[in-house]
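Asker: Here it is, the structure in full.
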Amino acid sequence: MHHSDRGVQYASAEYVAILTGHGMVSSMSRPANPYDNASCESFIKTLKREEIYANDYSTLEQLREQVEEFIERYYNQQRLHSALGYCTPHEFEQKSGSAGEAALHSPTVVFWPKTAQILPTGMLEEGTQTPSLPQHPSLLGESTR
């Protein structure tokens, strides 16, 4: 997942093609909707402050494991969210479902496995729509990273 603002450099066909070539999905808000990614930005701030900057990692694999653990075990199951009335996402979903209210979705974050595939429909396996790609992107070649 590559999160960015709507800057022209991030929306260009060449940039999107490079992301796609590396198996990445772009995440940006819709035009004239600057708050679309506010929850994503808030999550990234929390992830950095409460996990990344608070720990040292020996390997990239250790980082991946710890981030997945943070998301699955702490962020979704234990951390209180002010936007949810200081409930965990799990508690919020249970309360809203048991109260017979309309289905509400809490800001639960899903850690995409490396095996997640983008289907020909432009959707990820679990139904998340990817950004539309230009019809004929020009490829800049392999990244040097």
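The values are calculated or read from the model by the stated rules, or taken from the named source; none is laboratory data. Since the model is a prediction, treat every value here as computed from it, not as a measurement. Here Cβ is always computed from backbone atoms with ideal geometry, including for glycine, and neighbour counts include all displayed protein chains.
Asker: What's the number of the only condition in (1) exposed (fewer than 15 other Cβ atoms within 10 Å of the Cβ); (2) at negative phi; (3) modelled with pLDDT of 85 or more; (4) of a type in the set (G, A, S) that G7 fails to meet?
Answerer: Unmet condition: (3).
Asker: Of the residues N76, N37, which is modelled with pLDDT under 80 and surrounded by 12 or more Cβ atoms within 10 Å (Cβ to Cβ)? Let's see the steps before the verdict.
Answerer: Values: N76 fails: modelled with pLDDT under 80.
Answer to the selection: N37.
Asker: Say we look at the range 40-67 and pick out the residues that are more than 16 Å from H2 (Cβ to Cβ) and acidic (D, E); which of these is surrounded by the most Cβ atoms within 10 Å (Cβ to Cβ)?
Answerer: Only one residue fits best here, namely E51.
Asker: Looking for something touching a helix residue (DSSP H, G or I) at 6+ places or on another chain (Cβ under 8 Å), not β-branched (V, I, T) and not in a helix (DSSP H, G or I) - is there at least one such residue anywhere in the range 50-63?
Answerer: The answer is yes; a qualifying residue exists.
Asker: Exactly one of (1) at pLDDT 80 or above; (2) more than 30 Å from A17 (Cα to Cα) is unmet by E61. Its number?
Answerer: Failing condition for E61: (2).
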